[in-house]
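The structure under discussion appears below in the form of structure tokens.
Here, each number is a calculation from the coordinates, and none is a lab measurement. Everything numeric here is computed off the predicted structure, so don't read it as measured data. Heads up, the Cβs are rebuilt from the backbone with ideal geometry, glycines too, and the neighbour counts pull from every protein chain shown.
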């Protein structure tokens, strides 16, 4: 509604020839009467021979009333026919002579009501004194009984009324009107458009904001829309008595909202009076700006790695891309599912990303509950993304998309996601529009890369499994948040028994190796009994994000429980271990886990096999330990150049036994059909015997 000719000022500047100097810029003579209008500087210019009025340019600028808008600064289109109109008129001269009625939108107040105008209203109540009529949600008038005549109205009926008077205290007197063939003209209040980041300065005031809808939540009361304009986000509440307000508005729509800024639970909120979808150029401009602001805001904050490492430097670009993708997901209100292996390494990596992302959510989102639906950390019992896990994740994501308009999530696989066994689950999620990122340190299969958005893995740059998932995730988390999480990297290093330059994280943590080992053990002990529950709070306490006095006591208690359980199980298991020296000098230790260990209790078969192996390797320099059950085998090795992924591939080709599995080069597991156990284990032992 701003006049394009004058830019809303109501006047334009016209340049003309200076009448004092005749356009020469020189001071030949001047009228003494204008001396009072000149500044001292201008008079001095005249004294030096330069025209002081035009300052030597020969031209002067004068203000003239804009002829396009007659000085009002406003211009627009007729709300009925679309013809250009000037001034404060809503209609052109022709349409004003035609039958028409005005509909006041919810932003309009008593100041927008005009006497003698005809309005569209809705009957709200029929009483003895007359009929009450709502002109919008904020305005109500009365048709007095004496003005009803023979008219009979019922509640919720839409009628035409004319404003006959407005009282000093705001009472609106109405009278019914009959009109045929009329046009409806919608009126909305013109309010100042502000940026979401500036709403703090407009509490209690009516404003207009424009933004992208990133989330919709239907409650028993209002419908809550989350709006993003690139720099900031805000919740906007529309009250429709528990029903979905503005059902035509969906996630990813660009909208214009007029409402009143209020504060709810220390967070700013807009109480919506009007909301409409923007289309065409208006929507494009908002969307373009939002995308540009998000790109700028999501640049990772790289402050250098915690340790000097050629492997980390080689992974730097991919890690920065992952950090940016995670930040963009939060800014765009796209849920992030973090699926990590349940052991200490996977848990530390998952928690590092979880803490960094929830910190970001709290900084950029006005919804206090956003961190619960935007960041979801879940555990994987298997060392890969199995179908049981993806079915849960996918079903919940589709339900959230249907109920709340949530976007299909970004999935981050931590301490798994690098092998062929991950592909079926990944492909299933990709089919519904998800993106999958892997942060892992297991030996990767090249085929899996074709299904991943990014794949951060030390093997891809010449590193090895000593760069644990916890280390990688902590370094990525530091690109998102400045929270101190270096101790998580140290716990993962000790928990996964990593060696080499990554041991510097232990020094940086300020804790002893024994303390870190106890925390790792406590994480795995509690994680085993949590099963599929993430239980963020208890894990946060174990990992030191709660009260420190309670953290110390909790770790001590849980690690003692774990040690007692391990010693009891190992004592029995050692009696069932059979060791033979192979022709190549390798000691092959076999443990029947099914018969020499308790079922469904800590430590699980993998952990128990590892503990037995630790005791045996003190006696044998080159040893491979196999803990086997009805349909699985867990492998641990020391001093042997083992390549478990390659062995799994060979067994799959040589035997029809449903062989599957993987892991690190020297640590891993194999699954197979129970009936073929003897044949699989025999072939496995033969391959170990052929190693150099």
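Computed over the Cα atoms, what is the radius of gyration of region 241-298 divided by 2.2 N^0.38 Å, N being its residue count? List each step's numbers first, then the result.
Working: Rg = 13.9 Å, N = 58, 2.2 N^0.38 = 10.3 Å.
For region 241-298, the normalised Cα radius of gyration comes out at 1.35.
Relative intensity of region 341-422 on a log10 scale, I(q)/I(0) at q = 0.16, 0.25 Å⁻¹, equals -0.69, -1.26, per a Debye sum over C-alpha point scatterers of equal strength in the absence of solvent. With a simple spin-label model that places each label point 7 Å from the Cα along the Cα-to-Cβ direction, the separation between residue 126 and residue 145 comes to 1.5 nm. What separates the Cα centres of region 106-172 and region 488-537 is a distance of 70 Å. Taking 0.36 nm per residue of separation and subtracting the Cα-Cα distance, full extension of the segment from residue 484 to residue 244 would add 82.2 nm.
Calculated FRET efficiency, residue 94 and residue 427, Cβ-Cβ r, R0 51 Å, to nearest 0.05? It comes out at approximately 0.20.
If eta is 0.692 mPa s and T is 37 °C, what Stokes-Einstein diffusion coefficient results for region 645-692, Kirkwood Rh from Cα pairs, in µm²/s?
On the way: Rh = 10.9 Å.
Using the Kirkwood radius from Cα pairs, D works out to 303 µm²/s.
The angle separating the long axis of helix 677-689 from the principal Cα axis of greatest extent in the chain is about 80 degrees. For region 461-507, the spread of Cα coordinates along the three principal axes comes to 27, 24, 14 Å, biggest extent given first.
Full extension of the segment from residue 9 to residue 59, taken as 0.36 nm per residue of separation minus the current Cα-Cα distance, would add 15.7 nm.
Extending 7 Å from the Cα toward the beta-carbon at both residue 501 and residue 83 defines two label points whose distance is 7.8 nm.
Placing pseudo-labels 7 Å out from each Cα toward the beta carbon at residue 447 and residue 276 gives an inter-label distance of 5.6 nm. Estimated from helical segments only, the mean residue ellipticity of the chain at 222 nm is -10000 deg cm²/dmol, where each DSSP H run of four or more residues counts as -39500 (n - 2.57).
Stokes-Einstein diffusion of region 99-187 at 4 °C, 1.567 mPa s viscosity, Kirkwood radius from Cα pairs, rounded to a whole number: 100 µm²/s. Averaging 1/r over each pair of different alpha-carbon atoms in region 484-603 and inverting the result gives 16.3 Å, the Kirkwood hydrodynamic radius.
On alpha carbon coordinates alone, what is the Rg over Rh value for region 401-500, Rh being the Kirkwood radius? Before the final figure, lay out the partial values.
Working: Rg = 15.1 Å, Rh = 14.7 Å.
On the Cα set of region 401-500, Rg over Rh gives 1.03.
As I understand it, the value is the acute angle between the Cα axis of helix 310-331 and the longest principal axis of the Cα atoms of the chain; what does it come to in degrees, rounded to 10? Its long axis makes an angle of about 40 degrees. For the chain, the longest principal axis of the C-alpha atoms and the axis of helix 644-654 are separated by about 70°.
If you take the square roots of the eigenvalues of the alpha-carbon gyration tensor of region 196-297 and sort them as a ≥ b ≥ c, do you get rounded (a/c under 1.5), prolate (a/b over b/c) or oblate? In terms of gyration-tensor shape, oblate. Along each principal axis, taking the top coordinate minus the bottom one, the Cα set of region 577-689 gives 37, 35, 23 Å in descending order.
Available extension along the chain between residue 265 and residue 574 is 105.3 nm, counting 0.36 nm per residue and deducting the alpha carbon span.
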